[in-house]
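Accompanying notes for the structure given below.
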Amino acid sequence: MNRKAVYAGSFDPITNGHLDIVRRALGVFDEVIVAVLRNPAKDTALFDADERVAMIREALADLGDRVSADAFSGLLVEYADRVQATAIIRGLRAVSDFEYEFQMAMMNRHLNARVETYFMTASEAYFYTASKLVKEVASLGGNVSALVPPVVQRALLQRFGGKQPA
Ligand code: PNS
């Protein structure tokens, strides 16, 4: 049986914490799809979905052919069905993540009981690594090189390169 999982999220942008989860997921599942929500209607993202997918593909390049990146729109459980995945992976950092994640897992189960949600935790080295904070720090000229893959660091430098803290 091919156990395929969808690791879904905004990934704006992907961080080393996300990549740590991908590595762990590959230890449990035969195939992992990193799936970026394409949500143009209310997208306040720094990078558009295609840019995010391209960065993820580059960041995944050394992880082999059991992992891929894609973008999806609409319901996550419907996407999971379309790609014949039976699992959704979500990363949990702090306890504060849990309430929202629990609601989402229950809603997804209500919508499609064939798809199971699995929570995974990244290494403690990435506990404070969130895309939102990475963007804020990079926008203020801070060094995020240990927190994101090189492709993301380059993209952040391109976006914010000229900006220095006041
Ligand atoms: O990284 P994020 O922003 O926390 O990821 C949230 C995401 C993309 C997994 C979630 O918003 C989602 O699955 N959206 C797709 C629409 C959907 O299925 N909504 C019902 C889930 S309760």
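Laboratory data are not the source of any read-out in this text; all were calculated from the coordinates shown. Just so we're clear, the structure is a prediction, and the values are computed from it rather than from any experiment. Please note: Cβ atoms are built from the backbone with ideal geometry, for glycine as well, and neighbour counts cover all protein chains shown.
The table below gives the values:
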item	result
Nearest-ten-degree value, helix 98-111 long axis tilted from longest Cα axis of the chain	40 degrees
Potential extension, MET1-PHE98 segment - 0.36 nm per residue separation minus Cα distance	31.9 nm
Burial order of peptide ranges 107-115, 64-72, 30-38 (average beta-carbon count within 10 Å, highest first)	30-38, 64-72, 107-115
Theoretical gain in end-to-end length, GLU116 to VAL83 [0.36 nm per residue, Cα-Cα removed]	10.4 nm
Rounded to the nearest 20 debye, dipole of the chain from Cβ charges on Lys, Arg, Asp, Glu	120 debye
Cα-based Kirkwood hydrodynamic radius, region 30-166, one decimal, Å	16.8 Å
Using alpha-carbon coordinates, inclination of helix 49-60 to the longest axis of the chain, degrees	90 degrees
Binned Cα-Cα distance frequencies in region 1-67 - 10 Å width, integer %	21, 53, 22, 4
Positive-end residue, the chain charge dipole about Cα centroid, Cβ charges, pick of VAL32, ALA130, PHE102	ALA130
With Cα atoms, 0 to 90° folded angle of helix 150-160 axis to the chain main axis	50 degrees
3J(HN,Hα) from dihedral phi, region 67-82, Karplus parametrisation 6.51/-1.76/1.60, rounded to Hz, x for glycine, proline	10, 9, 10, 7, 10, 9, 10, x, 6, 4, 5, 6, 4, 4, 4, 4
ARG159 paired with GLU136, simple spin-label distance in nm, labels 7 Å along Cα-to-beta-carbon	1.5 nm
Dipole of region 53-141, positive direction: furthest Cα of SER68, VAL53, LEU111, with charges on the beta-carbon	LEU111
